[in-house]
């Protein structure tokens with residue numbers, strides 16, 4: 001049994017008031033050359049909701065639910081909360097953990113899939129925070145595997161998809177499931193996963209993992225509603241310069257295609273996200289649903305997993321999996337890809353802007 005003494009929930013962060021919005025966005029985009037006018041444009045999305053992203057409150061609710069589940073199982077592990085881009089900042093959290101006497105930490109990341117922005121960058125930020133907090137000599141960190149195809153994630157997504165379908169005026173064989181996730185540069189998508197990782201249909205791990213999840217969710221949802229359903233994987237929330245290729249199609253464009261092809265309705269399923277943060281509330285509930293209304297396409301949006309009991313149970317299962325060193329062939333995974341790795345291999349989800357130290361990797365140096 002591995003003797004961890006704390007769990008760290010590592011997330012993205014978000015502003016909790018109007019004055020936080022611009023500093024938060026500056027943290028997110030630092031070093032990327034994003035024009036100031038683009039920050040103002042994105043900031044308006046947050047100001048639409050009072051300058052508050054719900055992500056921190058959602059994270060706190062999820063942490064409280066995990067702590068209850070851990071206690072019910074008799075597991076005495078506190079769960080700490082640290083963010084990459086806003087308070088509670090990760091380095092501050094590590095200092096608090098050190099002061100509390102925590103030394104061996106198991107890290108849960110609020111992103112289910114492999115990619116630079118969804119995994120490697122979290123690991124780089126963890127390395128930076130360890131150096132800033134000066135805890136590297138006394139604290140060690142391990143990360144749970146990617147949980148995109150864990151039953152605790154897929155089960156609630158199936159339930160939410162079925163609920164979204166049943167909320168449509170009608171469901172027939174022309175009804176479309178539109179699975180959506182964050183667009184990323186195509187070069188980053190191709191480099192996602194370990195070096196040499198390749199799927200004949202999808203390329204890198206990022207798209208392959210999403211397509212594998214969409215296939216399972218679509219199959220189960222079709223079984224629940226009693227008819228075959230066509231599905232598509234689309235992308236949203238592009239933020240890069242127009243000359244750089246990013247994953248397509250965009251969800252807004254795709255809804256218009258779906259309408260032209262004669263669909264009687266569509267259910268949007270945000271499989272790339274675990275909570276209803278701004279990129280769900282704005283890009284889907286505000287923009288995408290407005291497009292659907294304009295073209296008279298009946299459309300609903302499935303819930304994210306949030307604090308669904310099965311998701312909470314699944315996260316604690318992942319903790320127990322590491323506490324008890326469960327062998328890979330005994331770990332649950334519902335897609336053809338099988339359970340992911342505990343330690344990211346060397347070169348996994350490469351940083352396109354150049355190598356930086358990253359923790360929780362397969363070498364002592366963390367790379």
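Residues to consider are 243, 256, 236; find the one that is under 24 Å from residue 202 (Cα atoms) and modelled with pLDDT under 95.
Within the list 243, 256, 236, the selection yields 243.
Scan the range 143-184 for residues that are crowded, with 16+ Cβ neighbours inside 10 Å, in contact with a strand residue (DSSP E or B) (Cβ under 6 Å, 6 or more places away or on another chain) and more than 18 Å from residue 272 (Cβ to Cβ) and the total you get is 4.
Scanning the range 219-238 for residues that are assigned to a loop (DSSP other than H, G, I, E, B) and buried (at least 16 other Cβ atoms within 10 Å of the Cβ) yields 229, 237, 238.
Can you go through 130, 144 and tell me which one is in contact (Cβ under 8 Å) with a residue 24 or more places away in the chain, within 16 Å of the chain's Cα centre (by Cα) and assigned by TED's automatic domain parsing to the domain that holds residue 103? So the residue among 130, 144 that is in contact (Cβ under 8 Å) with a residue 24 or more places away in the chain, within 16 Å of the chain's Cα centre (by Cα) and assigned by TED's automatic domain parsing to the domain that holds residue 103 is 144.
The number of residues in the range 42-88 that are free of Cβ contacts under 8 Å to residues at least 60 places away in the same chain and in a strand (DSSP E or B) comes to 1. No other residue among 357, 332 is touching a residue at least 24 places away in the same chain (Cβ under 8 Å), within 30 Å of residue 166 (Cβ to Cβ) and surrounded by fewer than 18 Cβ atoms within 10 Å (Cβ to Cβ) apart from 332.
Filtered by the rule that a residue be closer than 29 Å to residue 142 by Cα, in contact with a helix residue (DSSP H, G or I) (Cβ under 6 Å, 6 or more places away or on another chain) and at pLDDT 95 or above, the range 11-27 gives 11, 14, 15.
Need a quick list: helices (runs of 4 or more DSSP H) entirely within the range 239-298 having at least 3 residues that are touching a residue at least 40 places away in the same chain (Cβ under 8 Å).
251-260, 278-281
The set of residues in the range 107-123 being in a helix (DSSP H, G or I) and closer than 17 Å to residue 86 by Cβ consists of 117, 121, 122. Within this structure, residue 27 fails the test of being surrounded by 20 or more Cβ atoms within 10 Å (Cβ to Cβ) and farther than 22 Å from residue 342 by Cβ.
Residue-level check: of (1) out of contact with any helix residue (DSSP H, G or I) (no Cβ under 9 Å at 6 or more places or on another chain); (2) surrounded by fewer than 23 Cβ atoms within 10 Å (Cβ to Cβ), residue 210 misses just (2). Scoring residue 138 on the criteria (1) within 30 Å of residue 352 (Cα to Cα); (2) surrounded by fewer than 22 Cβ atoms within 10 Å (Cβ to Cβ) leaves a single failure, condition (1).
The values are calculated or read from the model by the stated rules, or taken from the named source; none is laboratory data. Computed from a prediction, not measured in an experiment: that's the story for all the values here. Positions of Cβ are generated from backbone atoms using ideal geometry, with glycine treated the same way; all protein chains shown enter the neighbour counts.
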